[in-house]
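Below: the structure, in structure tokens.
The values are calculated or read from the model by the stated rules, or taken from the named source; none is laboratory data. Note that the structure is a prediction, hence the values are computed from the model and not measured. Ideal geometry is used to build each Cβ from the backbone, glycine not excepted, and the neighbour counts take in all protein chains shown.
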Amino acid sequence: MRTPRPLALIAEVTHRCPLHCVYCSNPLELKARDEELPTETWSRVFEEGAELGMLHVHFTGGEPLARNDLIQLVATAHSRLLYTNLITSGIGLNDKKLATLIEAGLDHLQLSFQDGEEKFANWIAGAGAHAHKLALAQIVQQNGRLAFTVNLVVHRHNLDRLESMISFAESLGPQRIEIANVQYYGWAWKNREWLLPTREQVKRSFAVVEQAQERLKGQIKIDFVTPDYYATFPKPCMGGWGRQLMLVDPSGKVLPCHAAAIIPDLHFENVKQKPLRWIWEESPAFRRFRGENWMPEPCKSCERRTLDFGGCRCQASLITGDANATDPVCSLAPTHRLVEERLARANSPASAGPDSTPTPQSAPMWTYRPQPR
Amino acid sequence: MTMKDLSHAWHPRLGIGCRVRKDENGDTVLLLPEGILRLKGTAAEIIRLCDGERTFADILQAMEAQYPSSNPKQIEQQIGSFLNRLLERRAVDF
């Protein structure tokens, strides 16, 4: 099989972050500041990525603005004709710095909100971040030169307020709103019992999103990341393993997605030792689940294998303990009952349902993502 | 804005945060905040005409001149629906 070309680089430039969101997608083992790649190495990564045919760089973290060379990194990526996207909490950004980033070639900014209401938002983030985010949204709106997406992360404790959250997002003047159900990796996996919505909530949210999409057609594009565990078939995670995307973590380790480091027995290479092209084309970790040879039944003979690529390897590993298994979210997977059992718990009256939504004052029942050491 | 609103007097231009470039194979790609549209043949020609200067009518005229044997009604219908799809993604603005 001819190796596909990667389309985008996810540059996880730091794990430092002023927020402590309970569903953070960062790994449980966070990289410390002194492990972070220097500016020159990132510059080389962008150069090698562009030569590999990549078109986008998504700057993410942690909080990318925690790095004081971010403007330089954006400028370098831009000079390689890469489309630059900043995924940020907005903390550390003001109008002057925003103008400098745009000058450097920033194409798009995505700002995520934990809720439309401050007390809930700060409770989820474990930090008083909401007011800062609002201020930044106003700066972006006033600036008017930058493409802007408002991201809303949804779960058990805010899905019932989805309509008002969408109105809130609209008021910030974005071109796009992304409504993303929490996906259960990293800190969200750790806190999954508290985050998994009920079937009723999910059903209602589909209708709410559909209405908003219809109402805002041509004005605001609404993208919806549906909740994994309630799906009939798995998501085509990252567009297939080693098929479209590469993620470089703060220390230079190269992964096919945010979570892959949890898969035991896979060795991921580092950009400090190996060229990006070799890692993409030749490294055993990237070849491990590329294509169809690794697939078990029922994937191997399933006609959907070219659509979902067997689903998510990390999900298989987390839920079944075997990264080679069919994604257990799939209704055809032999281990699907593991997901059904979780859903049964989430939907049982005894579970911490929306009625018993804890208030920001109540004792924390979940684990906040800490700062790296 | 819906398709029936697509007036001949409007000036389509690339949406904010959207860029057109060639990829490593020389194919035209439209880069969007969260994705890529590969533009083949006429689609690439049309997107180059969405410069905020030309009107929708100018674009139709240019394409009719380029494809004289095609039915102008059909050209308008096809370009209109293409631009509407881009509009829904905020890939073009008017």
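Observations
- Residue match in region A:194-213 (condition: of a type in the set (Gly, Ala, Ser) and closer than 30 Å to A:Met365 by Cα): yes
- Filtering B:Leu14, B:Leu49 for residues that are within 11 Å of chain A (Cβ to nearest Cβ) and under 14 Å from the mean Cα position of the chain (by Cα) leaves a single hit, B:Leu14.
- Out of A:Glu40, A:Glu47, A:Glu12, one residue alone is in contact with a Gly (Cβ under 8 Å, 6 or more places away or on another chain), within 30 Å of B:Glu24 (Cα to Cα) and modelled with pLDDT of 95 or more. It is A:Glu12.
- Among the residues of region A:28-47, those that are buried (at least 19 other Cβ atoms within 10 Å of the Cβ) and touching a Leu at 6+ places or on another chain (Cβ under 9 Å) comprise A:Trp42, A:Ser43, A:Val45, A:Phe46.
- Filtered by the rule that a residue be within 14 Å of chain A (Cβ to nearest Cβ) and not in a strand (DSSP E or B), region B:29-40 gives B:Pro33, B:Glu34.
- Any chance B:Asn84 is within 14 Å of another protein chain (Cβ to nearest Cβ), surrounded by 13 or more Cβ atoms within 10 Å (Cβ to Cβ) and either on the phi < 0 side of the Ramachandran plot or not in a strand (DSSP E or B) (or both): yes
- Just one of the listed residues (B:Gly17, B:Gly26) is assigned to a loop (DSSP other than H, G, I, E, B), among the small types (Gly, Ala, Ser), surrounded by 15 or more Cβ atoms within 10 Å (Cβ to Cβ) and at positive phi, namely B:Gly17.
- Sole exception among (1) among the charged types (D, E, K, R); (2) farther than 21 Å from A:Lys190 by Cα; (3) part of a loop (DSSP other than H, G, I, E, B) for A:Arg277, by number: (3)
- Residue satisfying condition, being closer than 29 Å to A:Leu9 by Cα, of a type in the set (A, V, I, L, M) and either in contact with a helix residue (DSSP H, G or I) (Cβ under 8 Å, 6 or more places away or on another chain) or part of a helix (DSSP H, G or I) (or both), within set B:Ala57, B:Ala43: B:Ala43
- Some residue of region A:3-20 being within 26 Å of A:Asn181 (Cβ to Cβ), in contact with a strand residue (DSSP E or B) (Cβ under 8 Å, 6 or more places away or on another chain), among the aliphatic types (A, V, I, L, M) and more than 14 Å from chain B (Cβ to nearest Cβ): yes
- Hey, B:Glu64 more than 14 Å from every other protein chain (Cβ to nearest Cβ), without any contact (Cβ under 8 Å) to a residue 12 or more places away in the chain, surrounded by 13 or more Cβ atoms within 10 Å (Cβ to Cβ) and not in a loop (DSSP other than H, G, I, E, B) or not: yes
- Any hit, region A:52-63, residues being surrounded by fewer than 21 Cβ atoms within 10 Å (Cβ to Cβ), within 14 Å of another protein chain (Cβ to nearest Cβ), in contact (Cβ under 8 Å) with a residue 12 or more places away in the chain and touching an Asp or Glu at 6+ places or on another chain (Cβ under 8 Å): yes
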